[in-house]
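These notes are about the structure you will find just below.
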Amino acid sequence: MLRIRRHVLKHLERDIEELFDDEEFIEHARHPILNEILIWARNLGVLIAVVLFLISIFNHHLTKLRAIAYFFGAACYFLEIVEMTNYFREKPHLKEMFMVYCFGPLYILMGISYLLY
C-alpha cells in the first residue's frame, strides 16, 4: 500500500511540475527571458482572476469585481494564444486552439455583461 501511495505521489508531483513549468516554450525560443515574463504574467493573471472570482462569489454586491476577473481571464487566454502560436509565427491546428479562440472572446463578453448588470 505504501509503494502505491509513493508511486501516485511521485506521478502527481511530476504532473504539477509540468503544469506550472513550461520549459519547452522557454528553452526553444529566441528570447527566453521574454518567454519567462510571458509565462509569469499569464500565471499571475490567472491567480488574480481566481482571487477576484472567489471574492465576488462570497460577496454578491461586487458584480463589477467579477467583470474585472473576466477581463483578467480574457487577457490570460490572449497570452495563451501568444504562447501556443509562438508569438504568432506558427499556426497550430484548430483542434488545439478551439478552446482559447472561444473562451477568450466569451470572457470579454461576460465581463461586459457584468459591467452593465
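Annotations
- A full extension of the chain between Val82 and Phe98 corresponds to an added length of 4.4 nm, given 0.36 nm per residue minus the alpha carbon distance.
- Accessible surface, 1.4 Å probe, highest first, among residues Arg89, Arg42, Arg3: Arg3, Arg89, Arg42
- Multiplying the residue separation of Ile37 and His60 by 0.36 nm and subtracting their alpha-carbon distance yields 4.9 nm.
The values are calculated or read from the model by the stated rules, or taken from the named source; none is laboratory data. Everything quoted here is computed from the prediction, not taken from an experiment. The accessibility values were calculated without ligands, DNA or RNA, using every heavy atom of the protein model including side chains. Shrake-Rupley method; radii C 1.70, N 1.55, O 1.52, S 1.80 Å.
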